[in-house]
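Every read-out reported here was derived from the displayed coordinates using simple, explicitly stated rules and does not represent laboratory data. All values derive from a computational prediction rather than experimental measurement. Using ideal geometry, Cβ is built from the backbone for each residue, glycine included, and neighbour counts are taken over all protein chains shown.
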């Protein structure tokens, strides 16, 4: 299992395939293994890089329990340096999309294209209050109940939520995959993503890398009407929508995420 030292922490990463590099950045609390279907679709043509953000999966949790979006972007850049990757196509999901945008703002020459999935540049009041409610209530619940009662209703489509058996199975699976410091790592990252919200609109408008925004038609956190939170004063990138909620969790949507990227051949 490969590791790299990035900004003083030991980070777990994996690479698959060969060709132009593609960096996949996960959302809040999500390990790199969550990109399984994109890795499958992209690795025959590209060098696909996945990793666990700080405090997630096999990557170390620093002592300071407060991660800024900029720190996560610097971790991603340090990993690219470790792998001697000068430029990469970057795909970010949810919070990973904010990290991808921050990476492109700080190091525009390092980002060949951006694919932003179910993410935001400026979330609205509902989005901010939802994040705050997660922070307040999550410590009071077991891992399984946290997923079932707190997170899933905001993240998944009505079709999925209407199937009690699927919800129960998914809640149990997520709880099994989580580790004991799940709550600590999520509370560490959430303040950073709230503080980043809406602060980089002007800089985003200056980006020149090809970009694609992907949204779920059933997404209530970052709905299609917000165009993924892209600043309205900036030229809108290409966008596509899928019949899904925030996680783009279905096999078809995850595969489509890979095929829809601005660098994909079709």
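Each eigenvalue of the Cα gyration tensor of the range 1-111, multiplied by 5 and square-rooted, gives one semi-axis; in descending order these are 20, 15, 13 Å. Residue separation of residue 163 and residue 86 scaled by 0.36 nm, minus their Cα-Cα distance, works out to 23.2 nm of gained length. Of the residues 24, 141, the one with the fewest other Cβ atoms within 10 Å heads the list, and the complete ranking is 141, 24.
Cβ crowding within 10 Å ranks 89, 82 as 82, 89, fewest other Cβ atoms first. Segment residue 9..residue 136, full-extension length gain: 42.9 nm, with 0.36 nm per residue of separation and the alpha-carbon distance subtracted. With 0.36 nm allotted per residue and the present C-alpha distance subtracted, the residue 18-residue 220 stretch has 69.0 nm of extension available. Working note: Cα gyration tensor of the range 41-168, eigenvalues times five, square-rooted, sorted largest first, giving semi-axes of 30, 18, 16 Å.
As a proxy for reagent exposure, 117, 174 were ordered by neighbouring Cβ count within 10 angstrom, fewest first; the result is 174, 117.
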